[in-house]
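The values are calculated or read from the model by the stated rules, or taken from the named source; none is laboratory data. In this text the structure is predicted, and so the values were computed from the model without any measurement. Please note: Cβ atoms are built from the backbone with ideal geometry, for glycine as well, and neighbour counts cover all protein chains shown. Side chains are part of the model used for accessible areas, which takes the heavy atoms of the whole protein and leaves out ligands, DNA and RNA. Shrake-Rupley method; radii C 1.70, N 1.55, O 1.52, S 1.80 Å.
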Amino acid sequence: MSRHIGMVTLVVRDYDEAIAWYTGVLGFSLVGDTALSPTKRWVVVAPEKGGAKILLAQADDNAQTASIGNQTGGRVALFLHTDDFTTDHAAMVKSGVHFLEEPRHEAYGSVAVFEDLYGNTWDLLQLK
């Protein structure tokens, strides 16, 4: 048996705004954008080299809206792995990604925490 996490959900304010940021700023691919109803879409983005995909789910009630940007209670929500930390960090800074710290080099690899357009925190991470 083989299992893996194929997709995670991020609650977003607006589908098109989120698509623009994840594809334009982070350079992810738009895997799918399918209308399910007049107000609901199945929008999936992913990094270019595989791994789990992200389902961008537009908030449709007050509880979901309240969770935008803080879906993990302030903890790092997602981990973007790279095989070239220096190049990716520089490109992300140039694209306007807001990093919360300077890169650090830990026993496990190089890491820097950044925010997405809603304030969800991510690790840019190159493992040793």
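How far is helix 15-24 tilted, in degrees, relative to the longest principal axis of the Cα atoms in the chain, given as a value from 0 to 90 rounded to the nearest 10?
Approximately 20 degrees, to the nearest 10.
How much net charge surrounds Tyr118 when only the other residues with a Cβ under 11 Å from the Cβ of Tyr118 are counted, with Lys and Arg +1 and Asp and Glu -1?
Charge balance in the 11 Å sphere: -3.
Taking H placed 1.01 Å from N in the peptide plane, check which residues at least 5 places from Phe79 or on another chain put their amide H under 5 Å from its amide H.
Those lying under 5 Å, H to H, from Phe79 are Asp123.
Can you give me the accessible area per residue for the chain, using a 1.4 Å probe, in Å²?
Accessible area per residue, the chain: 60 Å².
Return the carbon/sulfur percentage of the accessible area of the chain, one whole number, probe 1.4 Å, all protein chains in place.
52
Using only Cα atoms, find the angle between the long axis of helix 85-94 and the longest principal axis of the chain, and express it within 0 to 90 degrees, rounded to the nearest 10.
50
Give me the aspartates and glutamates in straight-line cross-link reach of Lys40: C-alpha distance below 14 Å, same-chain residues under 8 apart excluded.
Output for Lys40: Asp14, Asp16, Asp60, Asp61.
How much net charge surrounds Trp42 when only the other residues with a Cβ under 12 Å from the Cβ of Trp42 are counted, with Lys and Arg +1 and Asp and Glu -1?
Taking every Cβ under 12 Å from that of Trp42, the sum is +2.
For volume of the Cα convex hull per residue in Å³, pick the label among (1) 133; (2) 102; (3) 114 that corresponds to the value derived from the coordinates.
Only one listed value fits the structure, namely (1).
Have a look at Leu26, Leu117, Leu100 and tell me which one the Gaussian network model of the chain (Cα, springs below 10 Å) gives the largest fluctuation.
Fluctuation is largest for Leu100.
Sum up the charges of everything whose Cβ sits under 14 Å from the Cβ of Asn70, counting Lys and Arg as +1 and Asp and Glu as -1, but leave Asn70 out.
0
Under a 5 Å amide H to amide H cut-off, with H placed in plane at 1.01 Å, what residues pair with Gly109 once short-range neighbours are removed?
Lys128
What are the residues whose amide H is under 5 Å from the amide H of Ser29, where those residues sit 5 or more places off or on another chain and H is modelled from the backbone?
When sequence neighbours closer than 5 places are left aside, the close amide H contacts are Ala46, Glu48.
Assuming a viscosity of 0.890 mPa s and a temperature of 25 °C, what translational diffusion coefficient in µm² per second does Stokes-Einstein assign to region 28-92, Rh being the Kirkwood radius over Cα pairs?
Answer, rounded: 173 µm²/s.
Compare the Cα positions of Thr34, Tyr118, Thr86 along the charge dipole of region 14-128 (+1 at Cβ of Lys, Arg; -1 at Cβ of Asp, Glu; about the Cα centre) and return the one farthest towards the positive end.
Thr34
Divide by every residue of the chain the summed helix terms, -39500 (n - 2.57) for each DSSP H run of at least 4, and state the resulting mean residue ellipticity at 222 nm, rounded to the nearest 500 deg cm²/dmol.
-5500 deg cm²/dmol
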